[in-house]
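What follows is a single structure, written as structure tokens, with notes after it.
The values are calculated or read from the model by the stated rules, or taken from the named source; none is laboratory data. Everything numeric here is computed off the predicted structure, so don't read it as measured data. Methodologically, a virtual Cβ is constructed for each residue, glycine included, from the backbone with ideal geometry; neighbour enumeration extends over all protein chains shown.
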Amino acid sequence: MKYRVNRRIFKQYLAEEVRTLGSERKAAMRAGVSHTLVQSLRLGRETTKDGRKVPKSQVNLSTARKIEAAWGIPREVCFLPETLDARSSDQAA
């Protein structure tokens with residue numbers, strides 16, 4: 001399942017991590033993700049291998065959970081499920 005990124009909230013948490021750690025690269029390392037991914041999420045776009053710029057607004061569940069845990073982001077504040085399935089609807093009730 002893909003999780004949509006709320007860029008405004010993401011950038012707020014990222015800015016705090018950068019203030020604490022000193023760089024965006026160190027913030028990415030703390031979360032166990034690539035600096036390129038963090039940069040793509042911050043900018044809202046990524047560059048493909050053939051040089052095209054495409055929107056970047058989603059991550060998979062494991063990436064969302066890594067960033068949430070490392071940066072102290074409450075679950076489903078910054079990363080929201082793209083679609084709700086029957087299981088997540090049952091859990092919410």
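Of note:
- Residues located in the stretch 28-61, provided they are closer than 21 Å to Glu82 by Cβ and aliphatic (A, V, I, L, M): Ala31, Val33, Leu37, Val38, Leu41, Leu43, Val54, Val59, Leu61
- Residue match in the stretch 6-15 (condition: in contact with an Asp or Glu (Cβ under 8 Å, 6 or more places away or on another chain) and at pLDDT 95 or above): yes
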